[in-house]
Amino acid sequence: MAKQKSGSDYSADQIKVLEGLEPVRLRPGMYIGSTGQDGVHHLIKEIADNCIDEAIAGYASFVWVELLENGGCRVTDDGRGIPVDIHPKTYKSTLETVLTILHAGGKFGGGGYKVSSGLHGVGSSVVNALSSKFVAEVVHNGELYHIEFSEGKPTTKLENLGKTDRPQGTSITFYPDKSIFKEFDSFSYKWVLDYLRHQAYLTKGVRAKVNDYRTGDRYEFYFDGGIKSYVKHLNFGKEVLDEDIFYVERKVEESVIEVAVQYNDGFNENVMAFANNVYNPDGGTHIIGFRASMTRVINDYARKNGLLKEKEDNLTGDDIREGQTAVILVKLPDPQFEGQTKNKLGNPEVRRYVEGVVNEYFAYYLEEHPAIAKKFIGKCVLAARAR
């Protein structure tokens, strides 16, 4: 029998207590997923998501991402601006508090936001911790405030630089720390373009623009049609079964459910799911609810209208998903994501909300558009027979 080791040498001085933003620099993957290209671009997302939250709340009309020639990135909005008054708990400016303390922000029930994507309250402070240089500029009542950091620590005091033409807003400029992002060479213009396109489609009436000063490229997005416009974009260049797009937006308790669906003549499914404007590549409860209700509604309609023969089995989810293009957007006050990178939505009630809305309104849609219903179900039946 092996001799058990003594624990007498395990004492308090071996327990390390990490302070401030040290945990982020020590284990960055816990906060941004990786220190590769995905992780470094996640920094842009963390800052820009805050701008989008201001737009969702009705306080901002644009988000502007600038890719700088010297390797940095600047993200600007015309929202309320992070507060600069002294915080009652930290005795520092609220701006410095938000940027240097994990879980400090307006998204923990203090009334700052009803719906937000940055629910963890770590976004800006994490980016600050992982940047060799980080500059925050905030405009309140037409006056510009400025503070700088390095590796999450202030290098200047908060200064009031006086009057500016802008009435309000926040501008964050940051440079990823190359001692952490060892593979980082430059930001991807295409990544920013795709991200901003998502946000412009999902946030009706917001202007999303990008300037790449390295190449001179620039682009701006603005869509009034919301996720219907997004579905149209996803099906661009494809042969659609019908030009009409099913769309529903309904409030359920404190949440809002939006769904848009159109079929094309292809074989692939393309379903994009978002919670509070955050893309969830691994799906979650909103996708589960959507798929369950689509399968139920289409089978019920097909049986009721004789489009499925009595001896034929029900259509499966796989049959129904062939050629399906859809965007699902849920907005809810307390989203539960798996991990800081928010790849998957976990709220169990959202499945019920989405199922209820799609069950009712997609069934109405099929009844009111029998020609479109026949095309949808004809395609699904062909898929089933091929299977």
Response to the item:
Summed over the other residues with a beta carbon less than 14 angstrom from that of GLU269, with K and R at +1 and D and E at -1, the charge totals 0
Worksheet item: Say each of ASP224 and ARG385 gets a label point 7 Å from the Cα, pointing the same way as Cα to Cβ; how far apart are those two points in nm?
Response: 4.4
Worksheet, complete the sentence: Rounded to one decimal in Å, the inverse mean reciprocal Cα-Cα distance for segment 22-221, i.e. its Kirkwood radius, is 16.9
Worksheet item: Can you pull the percent of Cα pairs in segment 227-386 with separation above 28 Å?
Response: 19
Worksheet item: Which FRET efficiency value, to the nearest 0.05, is calculated for GLN37 and GLU349 with the Förster distance at 41 angstrom and r the Cβ-Cβ distance?
Response: 0.70
Discussion item. For segment 227-386, give me the percentage of DSSP beta bridges that are antiparallel, rounded to the nearest 5 percent.
Written reply: 75
Worksheet item: Packing-wise, with mean Cβ within 10 Å as the measure, how do 326-338, 26-38 rank, highest first?
Response: 326-338, 26-38
Fill in: Potential lengthening between THR164 and THR90 on full extension [0.36 nm per residue; Cα-Cα distance subtracted]
23.8 nm
Discussion item. Can you compute log10 of I(q)/I(0) for segment 191-239 with the Debye formula, treating each Cα as one identical point scatterer, at q = 0.14, 0.29 Å⁻¹?
Written reply: -0.37, -1.03
Practice prompt. Could you work out how far apart the two model spin labels at THR156 and LYS238 are, taking each label as a point 7 Å from the Cα in the direction of the beta carbon, and quote it in nm?
Written response: 4.9
Discussion item. If each DSSP helix of 4+ residues adds -39,500 (n - 2.57) and the sum is divided by the residues in the chain, what number results at 222 nm, nearest 500 deg cm²/dmol?
Written reply: -10000 deg cm²/dmol
Discussion item. What is the ratio of the Cα radius of gyration of the chain to 2.2 N^0.38 Å, with N the residue count, to two decimals?
Written reply: 1.15
Worksheet item: What is the distance, in nm, between label points placed 7 Å from the Cα along the Cα-to-Cβ direction at TYR59 and at LYS311?
Response: 6.6
Worksheet entry | Residue pairs, from the table LYS251/LYS374; LYS153/LYS190; LYS45/LYS209; LYS304/LYS374; LYS178/LYS344; LYS238/LYS344, whose Cα atoms sit over 20 Å apart | LYS251/LYS374; LYS153/LYS190; LYS178/LYS344; LYS238/LYS344
Response to the item:
A correct Kirkwood calculation over the Cα atoms of segment 219-281 returns a hydrodynamic radius in Å of 13.3
Fill in: Kirkwood hydrodynamic radius (C-alpha pairs) into Stokes-Einstein, segment 179-297, 4 °C and 1.567 mPa s, D in µm²/s
78
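Each reported figure results from applying straightforward, stated rules to the coordinates on display, with no laboratory input. Model, not experiment: these values are computed from the prediction. Reconstructed Cβ throughout: ideal geometry from the backbone, glycine too, with neighbour counts over all protein chains shown.
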